[in-house]
1. How far, in nm, would the chain grow between residue 120 and residue 147 when pulled straight, counting 0.36 nm per residue and subtracting the alpha carbon separation?
2. Could you tell me whether region 134-183 comes out rounded, prolate or oblate from its Cα gyration tensor? Rule is a ≥ b ≥ c as square roots of the eigenvalues, rounded for a/c under 1.5, then prolate if a/b exceeds b/c, otherwise oblate.
3. Cβ neighbours within 10 Å, averaged per peptide: list 141-149, 119-127 in order, most packed at the top.
4. Can you sort 218, 172 so the residue with the fewest Cβ neighbours within 10 Å comes first?
5. Taking Cα centroids, how far is region 90-114 from region 151-172 in Å?
6. Starting with the highest mean, order 156-166, 130-140, 177-187, 227-237 by the number of other Cβ atoms within 10 Å, averaged over the residues of each peptide.
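Read-outs: derived from the displayed coordinates by stated rules, not from any lab. Every value quoted in this text rests on a predicted model; they were computed, and no experiment measured them. Neighbour counts are summed over all protein chains in view; Cβ atoms, including those assigned to glycine, are modelled from backbone coordinates with ideal geometry.
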């Protein structure tokens, strides 16, 4: 039996110097831990399916910009499978697929990604900015906002906040603070539409000291107060990937 392994070799500075996928016998996996290979290169193992044993099949990792929610995962997963690719891993910002070069080309895969309003990431600056964006979304939607955003990002990304902030501004043309504010506006809209909280509760849940502070900022961004938005009774939310 053979397995497919993902190899990521690192130098002393922990920078990736090689990345690829190779097919090896199972005995090699076990032997690597006894003869000293185990602690060095980082391996991720996939058991080969019958289709993956085809010599014309390719396993490749794609870094994808614009994947910020679970729906993005479903859309891309479904579209790539429909195109004939086998999904080995998929997470926000990243997908690993196996495909037959005789049935589907790399350019077709890239087209599927683009047609679903995603794009491929080629440089480390954009990759870092995308990761930062996803953590900011996570902060607004999934925490109580008691910790400062800067501290949250430093803890999650293990990087200097100044460097993260400068890189984010270069890539997206707006600061992290500005982006987080726009997310709060969209989160406020969402909470209003759910109807489970009053305006004071919404304001406090988003880190505001009082409802008027949120309403003032909401009006500055949308042209109406939060209460006026509530009375509309219709959705005017901006998709997160468009912010």
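1. Difference between extended and current length: 6.5 nm.
2. The shape class here is oblate.
3. Per-residue Cβ counts within 10 Å, averaged per peptide and sorted highest first, yield 119-127, 141-149.
4. Working: 218 26, 172 17.
With the sparsest Cβ surroundings first, the list reads 172, 218.
5. Taking the Cα centre of region 151-172 as reference, the centre of region 90-114 is 29 Å away.
6. On the way: 156-166: 13.5, 130-140: 19.6, 177-187: 17.7, 227-237: 12.0.
So the peptides 156-166, 130-140, 177-187, 227-237, ranked by packing, come out 130-140, 177-187, 156-166, 227-237.
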